[in-house]
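Engineer: Take a look at this one; I'll ask things after.
The values are calculated or read from the model by the stated rules, or taken from the named source; none is laboratory data. Predicted model only: the values in this text are computed from it and were never measured. Only protein heavy atoms, including side chains, enter the accessible area calculation; ligands, DNA and RNA are left aside. Shrake-Rupley method; radii C 1.70, N 1.55, O 1.52, S 1.80 Å.
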Amino acid sequence: QVQLVESGGGLVQPGGSLRLSCAASGSIFSIGVMYWYRQTPGKQRELVAVIDREGGTDYADFVKGRFTISRDNARNTVALQMNSLVPEDTAVYSCSAQIAAYSDYRFADYWGQGTQVTVAS
């Protein structure tokens with residue numbers, strides 16, 4: 001069984017930084033594209049950043065220049081470095097990945113449980 005587990009959320013002051021991590025575990029054959037999303041109550045989930053297996057990245061306009069997504073293919077992890085945080089970044093951040101398990105070698109979307117990030121003074 002494949003699992004994604006996030007860590008690193010918490011409370012930070014405006015202008016501060018946080019680093020989120022997400023680790024995939026289980027019977028993993030291959031991991032394709034990995035994502036970070038965020039959601040606040042009453043709003044739709046929004047894509048924050050994406051990274052492909054070769055390290056190609058893309059970001060939502062509202063985080064460009066502030067957030068950096070990275071991955072470690074050997075460790076099956078993806079990280080999100082968040083700098084210059086503002087209160088509007090407050091949300092539950094979730095990682096997602098396209099993962100092929102040894103059970104069927106087919107890529108499917110997996111999600112973590114989410115981690116709360118709160119930006120407040």
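Engineer: Using θ = phi - 60° and the Karplus curve 6.51 cos²θ - 1.76 cosθ + 1.60, what whole-Hz ³J(HN,Hα) does each residue of region 98-114 get, with Gly and Pro shown as x?
Structural biologist: Going residue by residue, I get 8, 10, 9, 8, 5, 5, 9, 6, 9, 6, 9, 8, 10, 10, x, 7, x Hz, with x marking Gly and Pro.
Engineer: Using a probe of 1.4 angstrom, how much of the accessible area of region 10-98 is carbon and sulfur, in percent?
Structural biologist: Using a 1.4 Å probe with all protein chains present, region 10-98 comes out at 48 percent carbon and sulfur.
Engineer: In addition: At 25 °C and 0.890 mPa s, what whole-number value in µm²/s does Stokes-Einstein give for the translational diffusion of the chain, with Rh from the Kirkwood sum over Cα pairs?
Structural biologist: 170 µm²/s
Engineer: ³J(HN,Hα) across region 34-43 via Karplus (A = 6.51, B = -1.76, C = 1.60, θ = phi - 60°), whole Hz, x for Gly/Pro?
Structural biologist: With coefficients 6.51, -1.76 and 1.60, one gets 10, 9, 10, 10, 9, 8, 10, x, x, 10 Hz.
Engineer: Tell me the per residue accessible area of the chain using a 1.4 Å probe; a whole number in Å² is fine.
Structural biologist: Value for the chain: 54 Å² per residue.
Engineer: When the C-alpha atoms of region 68-121 are aligned to their principal axes, what extent does each axis show, in angstrom, from largest down?
Structural biologist: Answer, in whole Å and largest first: 48, 20, 12 Å.
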